[in-house]
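So the structure is just underneath, and the comments pick up after that.
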Amino acid sequence: MHNDLPARRAAQGWSQAQLAVRLGVSRQTVISIERGRFDPSLPLAFAIAATFGCTIEDIFTPDPPD
């Protein structure tokens, strides 16, 4: 799954640690999501979208089929 979380976070002027605090997760979780190593749970994906005032689909896009 791809995401534009780093760009959205940077546009707000937030560090990874600041976003982590807003979401109630660790900085490592934010890093893993941004790098595509970890797909967030549905509740966390909703929290991320709400934090940025958009929908989950605005942030996350599925990988293209093989």
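The values are calculated or read from the model by the stated rules, or taken from the named source; none is laboratory data. Being a predicted model, the structure only gives us computed values, none of them experimental. Glycine gets a Cβ as well: all are built from the backbone with ideal geometry, and neighbour counts include every protein chain shown. Note: accessible area is taken over every heavy atom of the protein model, side chains too, but ligands, DNA and RNA are not part of it. Shrake-Rupley method; radii C 1.70, N 1.55, O 1.52, S 1.80 Å.
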task: Using only Cα atoms, figure out Rg for the chain and give it as a multiple of 2.2 N^0.38 Å.
output: 1.03
statement: Spelling it out for Asp39: with amide H atoms placed in the peptide plane at 1.01 Å from N, the residues 5 or more places away or on another chain with amide H under 5 Å from its amide H are none
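Per residue, how many Å² of accessible area does the chain show with a 1.4 Å probe? Before the final figure, lay out the partial values.
Working: 4150 Å² over 66 residues.
Roughly 63 Å² per residue, with all protein chains present.
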task: Starting at the first residue of the range 23-30, write each ³J(HN,Hα) from the Karplus equation 6.51 cos²θ - 1.76 cosθ + 1.60 with θ = phi - 60°, in whole Hz, x for Gly and Pro.
output: 8, x, 10, 7, 4, 4, 5, 4
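Please state the relative contact order of the chain as a whole percent: Cα pairs under 8 Å, 6+ residues apart? Kindly include the intermediate steps, with their values, before the conclusion.
Details: 55 pairs, mean separation 27.1, N = 66.
Value for the chain: 41 percent.
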message: Placing +1 on the Cβ of each Lys and Arg and -1 on the Cβ of each Asp and Glu in the chain, which of Val21, Phe38, Pro6 has its Cα farthest towards the positive end of the resulting dipole?
response: Val21
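Would you compute, from DSSP H runs of 4+ residues alone, the mean residue ellipticity of the chain at 222 nm, taking -39500 (n - 2.57) per run and dividing by the full residue count, rounded to the nearest 500? Please report the intermediate quantities before stating the final value.
Details: 5 runs with 39 residues, N = 66.
Result for the chain, helices only: -15500 deg cm²/dmol.
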message: Spelling out what I want: for every residue of the range 57-64, take phi, set θ = phi - 60°, compute 6.51 cos²θ - 1.76 cosθ + 1.60 (Karplus), and round to whole Hz; glycine and proline get x.
response: 5, 5, 9, 10, 10, x, 5, x
